[in-house]
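Worksheet: the structure to be examined is printed underneath.
What follows draws every value from the coordinates through simple rules; no lab data is involved. None of the values given here were measured: they were computed from a predicted structure. In this analysis, Cβ positions are derived from the backbone assuming ideal geometry, glycine residues included, and neighbour counts consider all displayed protein chains.
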């Protein structure tokens, strides 16, 4: 039985089969959430029983890539993503979205609050599972699962550090209401994340030593090395000290396995029919809405209502998540990645014009007023393809992608460039990614080339905000609805007001 299916069944049938206290909202809610009456002493007799708890942490962490609360802050506020309020009454709560678009997120912003709760719920769940695994009579045999969960927790802390900078490092399963966690510095959180990921990698299997299809989608050493490369790539932002050589080392750890190659097309990574068999996907999260094991709602939230007819969908998309010309203008006309973007005149898959009720062709135009956009304004991204999907109402079964091999190639290229300039190796790595999409080869590299190539390759994959901050364009650039430069203190979001009210030991970030 494939591990993908096994993990899904564990999520459905077992969940967390132990009594645990989750750290909801970083200690806002101190009540216990009971998932069962079993304890570490009478459970975890086998690895599969223990895995039924670990998969629940995977499911929570998937929110950082699943168009959920944990994903939105990674794309909001960038030049590739905004959510306009619609003149038909749709997305009427535009204010909370527009604060991100204009780089004016407040401590009371509801999306910011939800993101914090999502990420720290993941951390709390991981803490509880780790403690239970460590207290099991079979703990010695569960070292790999403990490492796996530590890696999941570290990933959640990476996002917390990236979004809010200075956050509490808390690793206990239960919170003492008389001794609430206090704020740790961003640099200290960075050290914690790096140490945890390195420790986890030592106990996890390499992709070379597992049946890749059957082990999918669990973390391998290479998944952790890729995570470490991502953390090191942004180290100078987090700590003031660059770690470019560490980026190269971690990327080489992945490349040297010869276990990964680029798919024929970027879009192949996001098909419902090419998940555990992908040659490019390094980390991902299983989805099976028919078994109540997650759901993929990208099509629901992102696409135009008339895509119901275009793709024969069982629902009407909500015409929400959008962007204007900036992302489109980065691509060459022949770049196959441009095919994932819906803009301008729209057509059925057979080439016929997609006609509206009045007989005119649907033409998607840029949004002019973010507070009052018409239905046909805003471009959309077909990130996860509807082709081959098994639908459960408006839920697709495409698995969510966390890391791809193309990211390893581009991270290594950037690290080489920043230490040695436009070397042949760095140029070749970038061209390997470009050639896959029929983009023309580059002869030399600049920082702009590297930033733009990442923007083209990873649109809506959650790295654009980090990249823009690292390259500086988040602060100096202007684009649709962001018309002024941004002070650097807005490179981290405010600690949510709700958390400050609940925990007096937390410190608000500067200037908020």
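Assorted remarks:
- Paramagnetic label zone (point 7 Å from Cα along Cα-to-C-beta, residue 277; backbone N under 19 Å) in the range 211-229: 211-218
- Between residue 478 and residue 500, the contour length at 0.36 nm per residue exceeds the Cα-Cα span by 4.7 nm.
- Projecting label points 7 angstrom from Cα along Cα→Cβ for residue 339 and residue 371 puts them 4.2 nm apart.
- Exposure proxy order (Cβ contacts within 10 Å, fewest to most) of 397, 140: 140, 397
- In the chain, the calculated helix contribution to ellipticity at 222 nm averages -12000 deg cm²/dmol per residue, counting -39,500 (n - 2.57) for every DSSP H run with n ≥ 4.
- Segment residue 214-residue 325, extension gain: residue separation times 0.36 nm, minus the distance between their alpha carbons: 35.8 nm
- Between the range 256-324 and the range 351-381, the alpha-carbon center distance in angstrom: 23
- In terms of surrounding Cβ atoms within a 10 Å radius of their Cβ, 382, 228 rank from fewest to most as 382, 228.
- Peptides 412-423, 450-461 ranked from most to least packed give 450-461, 412-423, packing being the mean of other C-beta atoms within 10 angstrom over each peptide's residues.
- The range 74-94 versus the range 211-245: alpha-carbon centroid distance in Å: 31
- Efficiency of FRET between residue 241 and residue 203 - r from beta-carbon atoms, R0 35 angstrom, step 0.05: 0.80
- The range 134-176-the range 419-486 distance, computed between alpha-carbon centres (Å): 32
- Computed label-point distance, nm, for sites residue 363 and residue 258 using a 7 Å Cα→Cβ extension: 5.4
- Of the residues 387, 169, the one with the fewest other Cβ atoms within 10 Å heads the list, and the complete ranking is 387, 169.
- Rounded tilt (10° steps) of 110-135 against the dominant C-alpha axis of the chain: 30
- Legend: calculated FRET efficiency, residue 265 to residue 309, from the Cβ-Cβ distance at R0 = 25 Å, rounded to 0.05, equals 0.50.
- Dimensionless Rg over Rh [the range 412-486; C-alpha; Kirkwood]: 1.00
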